[in-house]
């Protein structure tokens, strides 16, 4: 579930990681439009729909291609911690969703799951980024990669979700949640209908198929839960690990990894996330042969 606190935490992560960008990924910053494909540098805005551009960066070579999708309000820099390690094993790509980072503004609200999945689909095709893909989604990015896998199971060979919570499934979410997730709210630069996107991805999860998959779930410490201003969300947070078991329905190969951290698992335990990605890559690769 998307919460105001999650967006604030995610943007804090971006600010921290941007400061590391030059040292961690300086060799990828040429922005000279080198052609996409199975290898070579890709670091540019790619046109989709004939009028909009989405930023994408790819490094490394190999198959399957790892495509990483950031959390709510986050963008490609959120994965600086993992790009180098993943690119040493295979092709690694990150991108900025519409309205974020170097990408063009998002189309008018409300944007639903097919819109967000459609952007990723068009980007991968326009940039000629080859599949099959191992998709990685952090927090709210997890719903989008799940949505892509649900629509294109033949193009996806693995998936990793990093603390992508079970959505609000009750008929009437608390008023403050409705307010913060409103696609017309000025701060919602993606114009995303968060509640509907989450519900739709969750309800279709059983269409993903038999692929290697990891579900990384945070077992939040009490101080983190008590710091959540939305009192109605605290009960859900205490059951986060159990609720996320629902993602295991997506694939018979899905395994849950419990992290004793706050929501930003990638900040507190980056190696755990990297190891999960690489494990899925290797398992997917073994199934390709």
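The values are calculated or read from the model by the stated rules, or taken from the named source; none is laboratory data. As the structure is a prediction and not an experimental result, all values here were calculated from the model. For neighbour counting, all protein chains shown are included, and Cβ atoms are generated from backbone atoms with ideal geometry for every residue, glycine included.
What number of residues within region 164-184 are farther than 18 Å from residue 247 by Cα, at pLDDT 85 or above, in a loop (DSSP other than H, G, I, E, B) and touching a helix residue (DSSP H, G or I) at 6+ places or on another chain (Cβ under 7 Å)? The total comes to 0.
Could you run through region 185-198 and say how many residues are outside any loop (DSSP other than H, G, I, E, B) and crowded, with 22+ Cβ neighbours inside 10 Å? Break it down into steps so the answer makes sense when it comes.
First, pick out the residues of region 185-198 that are outside any loop (DSSP other than H, G, I, E, B): 192, 194-198.
Add one more test, that the residue is crowded, with 22+ Cβ neighbours inside 10 Å, and what stays is 192, 194, 197-198.
Residues in region 185-198 being outside any loop (DSSP other than H, G, I, E, B) and crowded, with 22+ Cβ neighbours inside 10 Å: 4 in total.
Taken over region 204-222, the residue count meeting the criterion of being assigned to a helix (DSSP H, G or I), surrounded by fewer than 16 Cβ atoms within 10 Å (Cβ to Cβ) and modelled with pLDDT of 95 or more is 1. Across region 77-112, the qualifying residues are those that are more than 27 Å from residue 267 (Cα to Cα) and in contact (Cβ under 8 Å) with a residue 60 or more places away in the chain, and the one among them that is surrounded by the fewest Cβ atoms within 10 Å (Cβ to Cβ) is 108. For the residues 274, 225, 257, the requirement of being more than 25 Å from residue 132 (Cβ to Cβ) and outside any loop (DSSP other than H, G, I, E, B) singles out 225. Under the condition of being over 17 Å from residue 120 (Cβ atoms), at pLDDT below 65 and surrounded by 20 or more Cβ atoms within 10 Å (Cβ to Cβ), the residues counted in region 29-60 number 0. Being out of contact with any strand residue (DSSP E or B) (no Cβ under 8 Å at 6 or more places or on another chain), under 21 Å from residue 131 (Cβ atoms) and either modelled with pLDDT of 95 or more or surrounded by fewer than 14 Cβ atoms within 10 Å (Cβ to Cβ) (or both) is a description that applies to residue 201. On inspection, residue 174 fails the criterion of being surrounded by fewer than 19 Cβ atoms within 10 Å (Cβ to Cβ), without any contact (Cβ under 8 Å) to a residue 24 or more places away in the chain and over 19 Å from residue 284 (Cβ atoms). Considering only residues that are under 17 Å from the mean Cα position of the chain (by Cα) and more than 15 Å from residue 87 (Cα to Cα), look in region 269-289 and name the one that is surrounded by the fewest Cβ atoms within 10 Å (Cβ to Cβ). Per the criteria, the residue is 270.
Restrict the check to region 248-262 and report whether at least one residue is at pLDDT below 95 and farther than 14 Å from residue 158 by Cα. Checked region 248-262: no residue is at pLDDT below 95 and farther than 14 Å from residue 158 by Cα.
Total residues in region 145-158 satisfying the condition of being touching a helix residue (DSSP H, G or I) at 6+ places or on another chain (Cβ under 6 Å) and crowded, with 24+ Cβ neighbours inside 10 Å: the figure is 6.
So, residue 236, is that one buried (at least 17 other Cβ atoms within 10 Å of the Cβ), at pLDDT below 95 and not in a helix (DSSP H, G or I) or not? Talk me through it step by step, then tell me what you get.
Working: buried (at least 17 other Cβ atoms within 10 Å of the Cβ): yes; at pLDDT below 95: yes; not in a helix (DSSP H, G or I): no.
Answer is no for this residue.
Please tell me if residue 133 is free of Cβ contacts under 8 Å to residues at least 40 places away in the same chain, crowded, with 23+ Cβ neighbours inside 10 Å, within 15 Å of the chain's Cα centre (by Cα) and closer than 14 Å to residue 160 by Cβ. Criteria not met by residue 133.
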